[in-house]
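Beneath this line is the structure, given in structure tokens, with notes to follow.
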Amino acid sequence: MKELDLLKKDWKKNSDSFEQISANEIYKMIHKKSSSIVKWILIISILEISFWTFSNLFLNTDDLFKKINHPGIVMTLEYLTYFNYLVGLIFIFIFYRNYTTISTTIATKSLMGSILKTRKTVQYYVWYNLGFMVIIAILSFFVAFVYNPDMDFLREKLAVNGKAMFFTIGILVLIILGLFGMFWCFYRLLYGTLLRRLYANYKELKKIDF
């Protein structure tokens, strides 16, 4: 933002006849930076979904589903997977639309509104992913424990030992919290950094909007 600060100082020093030119220069720089940030949000979201898609291709879940031997559970997991992909594609489309809107916006107030809308969309995307991750983790542990025959010994042991059951549940909760914290840090590092820069642009636009 050094270039922007220099332009702002120059704008304040200039005479009234040059104020509008300087304001336009500041707007153009903010507009360019905002468009670039939203483009990176779009790129990162596409890379993220592509990564999980290719990762699933290398995961062999057929053996596990055969062990579970419960068509209803298997179908539910498959529907959840398809639903998650569908939601991801919807968010990508919204990110793309936000990018094209910001790239072609001319009016200052319209750009400010588009920035706020983009920030909210990214926040919804992040919280959806975190929530879905928690749901899948809980469901996966439940299915593995209840329907996987390899867990018969563990189920019998926990059935007669209340302390072991409590201890096991505590470990599962810690694992889920650990996963949640790890993904939250990941999203905060990537999207959080971009959103902070985007909001900084919004505040600068607010200063030059008469």
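Backbone phi angles across the range 122-129, fed through the Karplus curve with coefficients 6.51, -1.76 and 1.60 (θ = phi - 60°), yield HN-Hα couplings of 5, 4, 4, 4, 5, 5, 5, 4 Hz in residue order; Gly and Pro are listed as x.
Packing, as the average of other Cβ atoms within 10 Å across residues, places the peptides 80-90, 23-33 in the order 23-33, 80-90, highest first.
Bear in mind that the values in this text are calculations on the coordinates, not laboratory data. Since we're looking at a predicted model, the values are computed, not measured. Note: ideal-geometry Cβ built from the backbone for every residue, glycine included; neighbour counts use all protein chains shown.
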